[in-house]
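Following: one structure in structure tokens, then a few remarks.
FYI, it's all coordinate maths here, none of it is from the lab. What you see is a predicted model; the values in this text were computed from it and never measured. Cβ sites come from the backbone with ideal geometry, for glycine too, and all protein chains shown count toward neighbours.
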Amino acid sequence: MNNVIIIGSGCAGLTAAIYAGRANLKPLIIDGYEPGGQLSMTTLVENFPGFPDGILGPALIENMRKQAERFGTEFKSGAITDVDFSKRPFKLTAGNDVYETSALIIASGATARLIGLESERKLIGYGVSTCATCDGYFFRGKEIAVVGGGDSAMEEANFLSRFASKVYVLHRRNEFRASKIMVDRARANEKVKFVTPVAVEDISDVAKGGVEYVSLRNTETGEKSTLPVEGVFIAIGHEPNTKVFRGKLDMDENGYLITHDGSRTNVPGVFAAGDVQDHHYRQAVTAAGSGCMAALDAEKFLDANKNA
Ligand SMILES: Cc1cc2nc3c(=O)[nH]c(=O)nc-3n(C[C@H](O)[C@H](O)[C@H](O)COP(=O)(O)OP(=O)(O)OC[C@H]3O[C@@H](n4cnc5c(N)ncnc54)[C@H](O)[C@@H]3O)c2cc1C
């Protein structure tokens with residue numbers, strides 16, 4: 001029986017653990033398939049306050065983890081596969097393990113959709129990115145590509161044109177899912193060039209540890225070509241990690257958890273923090289901030305429901 005369980009060990013979960021630990025709640029973190037979360041996939045993080053020279057994503061996460069451990073956080077590996085919120089204590093299942101907890105903080109994050117290329121995965125943090133706000137600054141004066149045809153691809157192309165000398169928007173079709181106003185805005189930007197209808201077949205050069213060009217196939221004619229670029233931003237959407245909560249917690253139409261009054265979900269005693277409930281900001285510092293909020297809200301809830 002636990003006071004508070006935290007699902008996920010990204011910056012939201014770890015920050016919640018630091019606060020819950022310092023409130024003497026002895027939190028338990030269930031790590032999931034990606035211990036450390038998205039930041040453990042990246043290299044230099046330059047926008048987390050307190051590190052004037054930047055810090056490597058995995059090092060930042062390791063620091064947070066040590067800080068959480070220092071205040072009594074316990075970690076268990078495994079992913080939550082089922083939840084029962086029908087009564088308290090809540091029951092959580094992770095494979096063969098069952099946990100009980102008086103309060104729950106969900107910090108299971110969101111996963112950026114990728115094209116599915118091996119080279120793409122290997123070059124994340126080395127020229128391939130899923131976050132323009134995070135990594136745009138690294139591509140000052142460079143030619144880069146944005147993959148996608150939705151609003152977020154158009155928004156990222158426009159944003160990245162502040163830094164890059166040229167932004168190629170690569171999309172499989174000649175038509176776009178993005179709203180007309182967003183497409184028109186990108187088309188009016190002289191640094192943005194549309195390359196359609198193309199599929200990205202490979203990103204080179206994994207052996208050299210950086211992006212030099214993308215291999216493209218015209219989806220109508222089958223013609224192959226290459227395009228020299230130094231960065232590739234994948235902007236084909238995110239998937240919140242909320243499958244296990246379907247039908248049990250309120251979600252928006254894209255599956256993000258809905259929170260109100262801070263970090264509260266529709267089930268009293270269940271709180272949510274980080275990217276799992278935020279499709280807008282998706283930053284380490286905002287995730288950490290909401291992890292703090294969730295821990296404070298959980299602490300208050302436990303105090304008020306001591307004998308429940
Ligand atoms: C390549 C890349 C570079 C980035 N660079 C920056 C940057 O420079 N600056 C910045 O501010 N932001 C950056 N971001 C964004 C930042 O990483 C995220 O906003 C932040 O990690 C969100 O934290 P989170 O804790 O909400 O979720 P996540 O980091 O996504 O962590 C989710 C956690 O939940 C766990 N989990 C998921 N499902 C389950 C389950 N069923 N059971 C148990 N556990 C589960 C996962 O294993 C993981 O531990 C970057 C993201 C990426 C992908």
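Looking at the chain only, what percent of DSSP beta bridges run antiparallel? Nearest 5 please. Please report the intermediate quantities before stating the final value.
On the way: 27 of 57 bridges.
Antiparallel: roughly 45 percent of the beta bridges in the chain.
Kindly provide the helix-only [θ] at 222 nm of the chain, computed as the sum of -39,500 (n - 2.57) over DSSP H runs of four or more divided by all residues, to the nearest 500 deg cm²/dmol? Intermediate results must be reported in sequence, preceding the final value.
Details: 7 runs with 74 residues, N = 308.
Value at 222 nm, helices only, nearest 500: -7000 deg cm²/dmol.
Based on the Kirkwood radius over alpha-carbon pairs, what is the Stokes-Einstein translational diffusion coefficient of segment 7-60 at 25 °C with 0.890 mPa s viscosity, in µm²/s?
Values: Rh = 12.0 Å.
Translational D for this selection: 205 µm²/s.
Roughly how tilted is helix 151-160, in degrees to the nearest 10 and between 0 and 90, from the longest Cα axis of the chain?
Tilt of helix 151-160: around 70 degrees.
Can you tell which of 281, 19, 126 shows the greatest fluctuation in a Gaussian network model of the chain with Cα springs below 10 Å?
Most flexible of the set in this elastic network: 281.
Considering only the other residues whose Cβ falls under 15 Å of the Cβ of residue 176, what net charge follows from Lys and Arg at +1 and Asp and Glu at -1?
Working: positive: 172, 173, 177, 180, 185, 187, 193; negative: 151, 155, 156, 175, 184.
Result for the local shell: +2.
Note the angle between two axes, namely the Cα long axis of helix 57-70 and the longest principal axis of the Cα atoms of the chain, as a number of degrees from 0 to 90, rounded to the nearest 10.
So the helix axis and the longest Cα principal axis differ by about 0 degrees.
Kindly provide log₁₀ I(q)/I(0) values, in the same order as q = 0.15, 0.18 Å⁻¹, from the Debye equation applied to equal alpha-carbon scatterers of segment 18-121.
Reported log10 I(q)/I(0), two decimals: -0.79, -1.04.
Which of the lysines could a cross-linker span from residue 243 if the Cα-Cα distance has to be under 19 Å and same-chain partners fewer than 8 positions apart are dropped?
91
Sort 11-17, 105-111 by the packing proxy (mean of other Cβ within 10 Å over each peptide's residues), most packed first.
Details: 11-17: 32.7, 105-111: 28.3.
Top of the packing list down: 11-17, 105-111.
From the Cα gyration tensor of segment 88-189, with a ≥ b ≥ c the square roots of its eigenvalues, which class applies: rounded if a/c is under 1.5, or else prolate if a/b is larger than b/c, or else oblate? Don't skip to the end; give the middle numbers.
Working: a/c = 2.63, a/b = 2.18, b/c = 1.20.
Cα axes put segment 88-189 in the prolate bin.
I want to verify a result. In a Gaussian network model of the chain, Cα cutoff 10 Å, which of these has the top mean-square fluctuation: 192, 200, 98?
It is 98.
How much net charge surrounds residue 257 when only other residues with a Cβ under 11 Å from its Cβ are counted (Lys, Arg +1; Asp, Glu -1)? Intermediate results must be reported in sequence, preceding the final value.
Details: positive: 246, 248, 264; negative: 250, 252, 275, 278.
After counting each charged neighbour, the total is -1.
How many lysine pairs are close in segment 151-220, with Cα atoms under 21 Å apart and the two 8 or more places apart or on different chains?
Numbers: 166/191; 166/193; 180/191; 180/193.
Qualifying lysine pairs in segment 151-220: 4.
How would you rank 233, 139, 85, going from fewest to most other Cβ atoms within 10 Å of each one's own Cβ?
Details: 233 28, 139 22, 85 18.
The fewest-first ordering by Cβ neighbours comes to 85, 139, 233.
Throw me the Rg/Rh for the chain, computed over C-alpha atoms with Kirkwood Rh, two decimals. Walk me through the numbers before you get to the answer.
Values: Rg = 21.0 Å, Rh = 20.5 Å.
Over the Cα atoms of the chain, Rg/Rh equals 1.03.
Can you give the Rg and Dmax of segment 131-240 based on its C-alpha atoms, in angstrom?
Expressed in Å, the Cα Rg and Dmax of segment 131-240 come to 13.2, 40.
Of the beta bridges DSSP finds with both residues in segment 74-188, what % are antiparallel, to the nearest 5?
Here the antiparallel bridges make up roughly 55 percent for segment 74-188.
Classify segment 157-204 as rounded, prolate or oblate, taking a ≥ b ≥ c as the square roots of the eigenvalues of its Cα gyration tensor: rounded when a/c is under 1.5, otherwise prolate if a/b is larger than b/c and oblate if not. Walk me through the intermediate numbers first.
Details: a/c = 2.37, a/b = 1.12, b/c = 2.12.
Judged from the Cα gyration tensor, segment 157-204 comes out oblate (a/c at least 1.5, b/c at or above a/b).
On a 0 to 90° scale, report how tilted helix 284-304 is relative to the longest principal axis of the chain, with both axes built from alpha carbons and the result rounded to the nearest 10.
Around 20 degrees separate the two axes.
First select every other residue whose beta carbon is under 12 angstrom from the beta carbon of residue 273; then total the charges, Lys and Arg +1, Asp and Glu -1. Intermediate results must be reported in sequence, preceding the final value.
Numbers: positive: 264; negative: 275, 278, 297.
Cβ neighbours under 12 Å give a net charge of -2.
Over the alpha-carbon set of segment 155-308, divide Rg by the Kirkwood Rh and report the Rg/Rh ratio to two decimals.
Values: Rg = 21.4 Å, Rh = 19.0 Å.
Result: Rg/Rh = 1.12.
Using a 4.7 Å Cβ cut-off, which Cys residues in the chain lack a partner cysteine?
11, 292
When only C-alpha pairs under 8 Å and at least 6 residues apart count, what is the relative contact order of the chain, in percent?
Working: 722 pairs, mean separation 64.7, N = 308.
So the answer I get is 21 percent.
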